[in-house]
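The values are calculated or read from the model by the stated rules, or taken from the named source; none is laboratory data. Just so it is clear, the structure is predicted and the values come from calculations on it, not from any experiment. Cβ placement follows ideal geometry from the backbone for every residue including glycine, while neighbour counts extend to all protein chains displayed. Heads up: the accessible areas ignore ligands, DNA and RNA and are worked out on the full protein's heavy atoms, side chains in. Shrake-Rupley method; radii C 1.70, N 1.55, O 1.52, S 1.80 Å.
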Amino acid sequence: MAVDPPLATVSMAVDARAGLRDDYELKLNSYDLGVDIELYDIVQRLRFEHPEVRAVVLTSALDKVFCAGANIQMLAGSSHVEKVNFCKFTNETRNSIEDASAHSGQPWIAAVNGTASGGGYELALACDEIVLVDDRSSAVSLPELPLLAVLPGTGGLTRVVDKRRVRRDRADVFATKTEGIRGQQAAEWGLVDAVAPRTSFDELIHEVALARAARSDRPSDSKGIELTPLPVPARFVGVEMDHARGSASIVVRGPDEPQPSTPEELVARGDGAWVIAAARELDHALLDLRFNEPAIGTWVLRTAGDATAVRDAEDVLREHADHWLAREARLYWARTLRRLDLSSRSLFAVVEPGSCATGTLAELVLAADRSYMLDGTFEDAEGELPAAALQLTAANDGWYPMANGLSRLATRFWQRDEEHEAARAQIGKELLARDAADVGLVTFTPDDLDWDDEIRVAIEERGSYSPDALTGMEANLRFVGPETMETKIFARLSAWQNWVFQRPNAIGPEGALRRYGTGTRPTFDRDRV
């Protein structure tokens with residue numbers, strides 16, 4: 001990554017020997033999860049550490065190769081769980097690039113200086129503009145269907161027709177053309193925005209990037225903050241696993257000291273400010289559970305701390321929403337909460353005495369598939385805490401949209417406008433269990449007598465169901481309302497890609513993924529099912 005304000009250039013030069021496993025080589029800028037983790041980190045750092053960067057150029061440091069996409073041998077040797085997690089994280093990284101372009105004033109431009117195939121072209125598709133070198137050999141392609149018997153699973157098909165608005169007949173030809181499309185035809189079909197010969201390619205890229213930068217609202221004279229290594233153990237997020245029941249308790253704690261109240265104080269505190277630190281720690285915890293604990297199927301979401309401290313920490317985000325770092329903090333919470341929504345896990349929320357279900361942390365309750373709030377107090381507890389309360393703030397009314405473009409509150413009351421307005425009318429009020437239930441903000445309100453048994457039985461019951469069926473049910477129920485490009489990518493392509501990855505035509509002994517690179521053609525079961 002090279003920074004030369006107002007631009008930054010991210011150059012891809014993948015070390016072929018640096019794969020996460022030793023059974024493949026990352027040739028031709030192909031990538032695995034390790035490469036994607038680096039890219040995700042770069043996107044984050046550009047947003048937080050470089051406010052002076054107003055446009056980003058993504059290109060390749062290799063000759064005549066932009067990116068060959070996901071490494072085929074890596075995919076062929078991966079378990080189904082590994083493929084699913086890889087595809088989902090890759091999708092989210094692409095979305096973070098688009099989020100930076102749409103909301104952070106940091107648009108990305110793909111300088112495709114060589115062939116971009118499969119996931120390599122999908123990486124370019126995540127950018128605002130694509131410029132392709134016109135050298136009679138470089139092409140863009142999505143060859144997964146003819147070569148591998150799978151689909152462009154990181155949003156390729158959806159972005160081609162929804163984002164780039166390529167005609168569906170042309171998209172059909174493109175997605176079945178192994179060699180892809182070059183030069184002026186790629187521009188005429190809308191697969192790229194412009195083409196240029198090598199002699200003027202760099203000059204055109206610079207012009208396009210500067211034009212984009214000129215329209216950005218990012219400050220040119222502000223200092224960024226450093227994203228330092230996360231503390232171990234985490235300060236604000238704790239995870240406790242119960243492998244016997246297949247569940248994990250995730251506790252997000254509120255601030256434990258006074259928080260910044262001005263943008264200047266927020267910048268000075270940097271990644272130590274709760275609004276940034278807690279989001280980073282939660283993001284890390286969710287990814288750790290996804291990749292390293294796939295059999296933990298139920299996540300129990302809890303909060304702890306002082307509600308007043310959370311409201312005070314949110315004030316700087318509300319009162320200075322136009323400040324670049326306040327905006328980035330809100331956007332980071334939005335992305336992290338969407339990652340929670342998109343995780344294929346059952347989400348239960350628990351609100352009890354000592355909880356801090358307020359504002360940003362109340363989003364965990366609204367994100368849950370079902371929620372439990374104690375009615376009253378624990379009578380036998382030492383140093384009895386006051387009854388649990390839930391409080392909505394402005395943060396719950398649109399700061400953190402889901403993938404469907406709606407707040408979690410609006411999603412909860414989709415097409416139930418009176419109930420939605422009744423819930424919005426409670427913003428700023430501390431609601432006890434029965435009040436929260438009356439306006440539909442929680443699912444169950446057991447008392448002290450039934451509390452432990454109800455939650456235990458619910459977790460054990462969840463653990464007895466088919467995880468595949470639960471994943472399908474939860475994904476269907478979570479995203480009501482309008483369909484967006486993001487919901488299409490995750491609902492259609494992620495789901496169908498993962499189904500196709502299970503089929504013998506792709507991964508069987510004679511399947512396309514197994515025979516790729518052997519010189520032997522795959523043998524397909526021709527039945528349409």
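Pairs are defined by a Cβ separation below 8 Å, a sequence spacing of at least 6 or placement on different chains, a first member in segment 118-131 that is closer than 26 Å to A149 by Cα, and a second member that is acidic (D, E) and at pLDDT below 95; the pairs so defined are G118/E144.
Conditions (1) within 23 Å of R492 (Cβ to Cβ); (2) open to solvent by 10 Å² or more (accessible area, probe 1.4 Å), marked per residue:
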{"site": "E122", "(1), (2)": "yes, no"}
{"site": "V131", "(1), (2)": "no, no"}
{"site": "S141", "(1), (2)": "yes, no"}
{"site": "G155", "(1), (2)": "yes, no"}
{"site": "R167", "(1), (2)": "yes, yes"}
{"site": "E188", "(1), (2)": "no, yes"}
{"site": "D202", "(1), (2)": "no, yes"}
{"site": "A209", "(1), (2)": "no, no"}
{"site": "S220", "(1), (2)": "no, yes"}
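So for segment 418-432 (the condition being open to solvent by less than 30 Å² (accessible area, probe 1.4 Å) and in contact with a Lys or Arg (Cβ under 8 Å, 6 or more places away or on another chain)), does at least one residue qualify? Yes, that holds for at least one residue. Determine which member of the set T377, T411 is closer than 23 Å to V310 by Cβ, assigned to a loop (DSSP other than H, G, I, E, B) and among the polar types (S, T, N, Q). Matching residue, one of T377, T411: T377.
Checked against the criteria, L441 counts as open to solvent by less than 50 Å² (accessible area, probe 1.4 Å), among the hydrophobic types (A, V, I, L, M, F, W, C) and out of contact with any Ser or Thr (no Cβ under 7 Å at 6 or more places or on another chain). The residues listed here are T377, T336; of these, the one that is of a type in the set (V, I, T) and open to solvent by less than 30 Å² (accessible area, probe 1.4 Å) is T336.
Scanning segment 59-86 for residues that are touching a residue at least 60 places away in the same chain (Cβ under 8 Å), touching a Ser or Thr at 6+ places or on another chain (Cβ under 6 Å) and open to solvent by 10 Å² or more (accessible area, probe 1.4 Å) yields a count of 1.
Do you know which residues across segment 475-508 are touching a Lys or Arg at 6+ places or on another chain (Cβ under 8 Å) and part of a loop (DSSP other than H, G, I, E, B)? Across segment 475-508, the qualifying residues are F501, G508. In summary, G359 fulfils each of the numbered conditions (1) open to solvent by 10 Å² or more (accessible area, probe 1.4 Å); (2) modelled with pLDDT of 95 or more with the single exception of condition (1).
Do we have any residue at all in segment 206-218 that's under 30 Å from E483 (Cβ atoms), among the basic types (K, R), touching a helix residue (DSSP H, G or I) at 6+ places or on another chain (Cβ under 8 Å) and at pLDDT 95 or above? Quick ask: steps written out before the conclusion?
Going residue by residue through segment 206-218, those that are under 30 Å from E483 (Cβ atoms) are 212, 215-217.
Now restrict to residues that are among the basic types (K, R): 212, 215.
Checking which are touching a helix residue (DSSP H, G or I) at 6+ places or on another chain (Cβ under 8 Å) leaves us with none.
Taking every residue of segment 206-218 in turn, none turns out to be under 30 Å from E483 (Cβ atoms), among the basic types (K, R), touching a helix residue (DSSP H, G or I) at 6+ places or on another chain (Cβ under 8 Å) and at pLDDT 95 or above.
Among residues of segment 430-458 that are under 30 Å from A244 (Cβ atoms) and of a type in the set (S, T, Y), those with a beta-carbon under 7 Å from a residue that is modelled with pLDDT of 95 or more and surrounded by fewer than 17 Cβ atoms within 10 Å (Cβ to Cβ) at least six positions away or on a different chain give the pairs T443/R370; T445/R434.
At least 2 residues that are at pLDDT 95 or above and within 24 Å of R215 (Cβ to Cβ) in each: list the helices (runs of 4 or more DSSP H) lying fully within segment 1-113 that qualify. In segment 1-113, the matching helices (runs of 4 or more DSSP H) lie at 33-49, 80-103. If the Cβ limit is 7 Å and pairs must be 6+ apart or interchain, which residue in segment 142-156 that is at positive phi pairs with which residue that is of a type in the set (S, T, N, Q) and modelled with pLDDT of 90 or more? Final answer for the pair search is A149/N505; G155/N91. Whenever a residue of segment 509-529 is outside any helix (DSSP H, G or I), its partners that are of a type in the set (A, V, I, L, M), lying with C-beta atoms within less than 6 angstrom and at least six residues away or across chains, give the pairs Y516/I72; P522/A512. Scoring T178 on the criteria (1) open to solvent by 80 Å² or more (accessible area, probe 1.4 Å); (2) polar (S, T, N, Q); (3) assigned to a loop (DSSP other than H, G, I, E, B) leaves a single failure, condition (1). Against the criterion of being of a type outside the set (K, R) and under 30 Å from A469 (Cβ atoms), A334 qualifies.
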